[in-house]
Structure formats: C-alpha cells, structure tokens
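To keep things clear, I will list the structure first and then write my remarks on it.
Any read-out appearing in this document is the output of simple, stated calculations on the displayed coordinates, not a laboratory observation. Predicted, not measured: the structure shown is a model, and the values here were computed from it. Cβ placement follows ideal geometry from the backbone for every residue including glycine, while neighbour counts extend to all protein chains displayed.
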C-alpha cells in the first residue's frame, strides 16, 4: 500500500486558490485527473486529514460551505484504487485506508477514523466511525457505535451518545453537512441528517430524529413556534408526535419538541445530564 500522504502524489506548495481551480477543472473533465489536477485532489484530501482545510467554517454567526472541497472528495474516489488493509486480525478492502496518525486523540478498538477526516487533540473515539471529510473537535466523545458521516462537522466538547447517527453529504457541492456546534449533547440513538444544524450547547434527548423537514416545535411559551432545519442554542429537545390528516384517516407523525433551555447557573461539566434530569428526559 502506498502512503496516500506521499508528497509525489500531491501538490504540497499549491495555494488554496490553485487547488480550487484544479478541482473545479477536473470536475468538468475527469480526464485531467491523470495529471496535475489529480495531484491537487490528493492534496485537498491530505489537508482535510491534517485539519488545515475543512468543508465548512463558521464566520460570525453563519456557516460557509466549501463546495469545491466536497467535489475534491468525490474525485478522490476516482484517483484511488481498492486495496487490502489490515488492522490486527481484521481485514478490509477499500479505496481509502483508515487514518494512520492517531497520536493526539484516543481510539478504542474497533473504532475507525477514515483517512481524510480530522480529529482534534483530546477527542475520544469509542468503537464508532468517522468518515472522510468529517471533523471532530477537541474534547469531544464519539461514543460506542456512533457514526459521523462524510463532511459532518462536530464541535468541541460535544457528547455523541451510543448509537448516534450523523448523516453525511458529498453532493450536490455546497450542500450543508450536518453541523453539531460546541458543547452540544446528542442522546442515545439520535439521528441527525440532511444538513441539520444543532447550535451551541443544545441537548437532544434519546431517540430524537431530525431531518431538514422535521417539524421542530418550541412549546416553551403560550404559543408554539415552528422551526425546521436547526436547533437553537441551549435548547432541550425531546421526540414528539403530531396528528396529521391523510385520505385514509388521522395518524400521528414524528416531530421534535423544544421543552426548555439549559440553565446558565449549571456548571458545564454536569450541565448535560442535569439539563436532562431537570426536564425528565432520557439520555
């Protein structure tokens, strides 16, 4: 197996603008991948792996999505070939190897971080999975059988509980990935997909399912308030059901309910569990 980080496969001295131009050229003509543009694609994935590039970045209160980096990840599958990999007694056959540089964060067997993902120092990956293009912040715990999909962005000091599923996205270029901001707590068996944004220090109780069209009702005031696509900062969210009429009759359909906010007075080290206990929510 050749090291995918080998310099002769990449363009170490290229600027981000040069890489972007090469990627966009290759997206229009894949025949160019045999030359310099293919090296540019490999360089982008290497920089994702090292953490010097990322698919999405927060500027002020908004997120910028770099669609050309998503294009580069898609093109990377075209410039690599499937090979055999081994981790102890386990064997794999894939186009992208598991990440090799694991010194700054903890990985518990058989947890896997794929090459092209970046995990910051001090994070812990239990037997879960972090896919290419994803980013996991310092102090974050990816608990047992939790998955972080391609390009998903997970902030610092986040807790992804057992069995959490964060969806991935590579196309169309520019599509927002799932984003979990700093300090959030995602309860057991939650599913967050289709570019949903969970803002800072929000708490999702066990079993919450959020898609881009899932109705999220804030029921903390005298009148409900409908939200879609994002969870406001410090919100405490639980699964809910709403009646809906169909030609065959009335049925209950899934939604999510914002039932409160985390208290400012609660110490951050214990606030995740405390917030859940305050509202009688399962973790």
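Observations
- Per-peptide packing, taken as the mean over residues of other Cβ atoms within 10 Å, places 51-60, 184-193 in the sequence 184-193, 51-60 from highest down.
- Helix 268-278 and the long axis of the chain differ in direction by around 40°, with both axes built from C-alpha atoms.
- Shown for region 7-79 is the translational diffusion coefficient from the Stokes-Einstein equation, using the Kirkwood radius over Cα pairs, a temperature of 25 °C and a viscosity of 0.890 mPa s: 200 µm²/s.
- In this rough spin-label picture, where each label sits 7 Å from Cα along the Cβ direction, the residue 254-residue 106 distance is 3.2 nm.
- Protection-proxy order for peptides 14-20, 147-153, each taking the mean of Cβ atoms within 10 Å per residue, highest first: 147-153, 14-20
- Over the chain, dividing the summed -39,500 (n - 2.57) contributions of all DSSP H runs of at least 4 residues by the number of residues returns a 222 nm mean residue ellipticity of -6000 deg cm²/dmol.
- One quarter of the surface of the convex hull around the alpha-carbon atoms of the chain equals 17.9 nm², the direction-averaged projected area.
- Residue 92/residue 2 FRET efficiency (R0 25 Å; Cβ-Cβ; nearest 0.05): 0.95
- The relative contact order of region 7-79 comes to 33 percent, based on Cα pairs under 8 Å that sit 6 or more residues apart.
- Computed FRET value (nearest 0.05) for residue 61 with residue 15, which takes r as the C-beta separation and R₀ as 30 Å: 0.60
- Neighbour-count ranking [beta-carbon atoms within 10 angstrom, fewest first] of 105, 77: 77, 105
- Of the beta bridges in region 96-263, as assigned by DSSP with both residues counted there, near 30 percent are antiparallel.
- Each Cα pair under 8 Å and six or more residues apart adds its separation to the average, and for the chain the resulting relative contact order is 10 percent.
- With Cα atoms, 0 to 90° folded angle of helix 36-50 axis to the chain main axis: 40 degrees
- Region 54-80-region 97-135 distance, computed between alpha-carbon centres (Å): 19 Å
- Overall shape of region 96-263 was characterised from the C-alpha gyration tensor. The equivalent ellipsoid obtained from it has semi-axes of 30, 17, 13 Å, in decreasing order.
- Degrees separating the helix 67-79 axis from the principal Cα axis of the chain, which is the longest one: 50 degrees
- Relative contact order for region 96-263, counting Cα pairs under 8 Å that sit 6 or more residues apart, in percent: 12 percent
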